[in-house]
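The values are calculated or read from the model by the stated rules, or taken from the named source; none is laboratory data. None of the values given here were measured: they were computed from a predicted structure. Here the Cβ positions follow ideal geometry from the backbone for every residue, glycine too, while neighbour counts run over all protein chains shown. We work out accessible area using only protein heavy atoms, side chains counted, and drop any ligands, DNA or RNA first. Shrake-Rupley method; radii C 1.70, N 1.55, O 1.52, S 1.80 Å.
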Amino acid sequence: NITSNDYPKYQGVISLEGKSSYDIYKNIKLWIADNFKSANDVIQMDDNESGIIVVKGIIPISLKTMVGAYTYSMYTSFKFEIKDGKFRYTAEVASIVDPKAPTSGDLVTSINNKPDGKYQVAAKNNITTTINNCIESLVASLKKADTIEDW
């Protein structure tokens, strides 16, 4: 669950009882490889000793606008801070652009300029849901790792 949602930043702590920091670290890296085109391109910092991974990548997101629903590119950074039995994530949305018209403007700016607008509120809710879905996917993969370790 998101514990802070100061748009465009989200943060939470996930408890994983019985998991070592190395197991969590290793499985977060596997999740990154599975969810981004190139793990090498998106990982900005990778420090197993301090338990920190920083990722900057693009997540597709469908948003409704005045003229219809479109799939946008959401430029997002994730910081994972890992300890035995838990990790903290911080996700920050840098920008959201139309990949077919990248110069048409950043939706984050639009949302921040009119935060209470109908489409802006809907977009913020969809962004929060998308971030939550990413974290839920990560947690599911960490829990699934237990069942496939002894293949």
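Among the residues of the range 39-70, those identified as among the polar types (S, T, N, Q), in contact with a strand residue (DSSP E or B) (Cβ under 9 Å, 6 or more places away or on another chain) and outside any strand (DSSP E or B) are Asn48, Ser50. Restricting to the range 12-22, and then to whatever is within 19 Å of Cys134 (Cα to Cα) and open to solvent by less than 60 Å² (accessible area, probe 1.4 Å), can you tell me which residue is farthest from the chain's Cα centre (by Cα)? So the residue we want is Leu16. One residue alone among Lys79, Lys100 is closer than 19 Å to Ser137 by Cβ and either basic (Lys, Arg) or part of a loop (DSSP other than H, G, I, E, B) (or both), and that residue is Lys79.
Inside the range 103-143, residues that are modelled with pLDDT under 80 and either loosely packed, with under 11 Cβ neighbours inside 10 Å or among the charged types (D, E, K, R) (or both) make up a count of 2.
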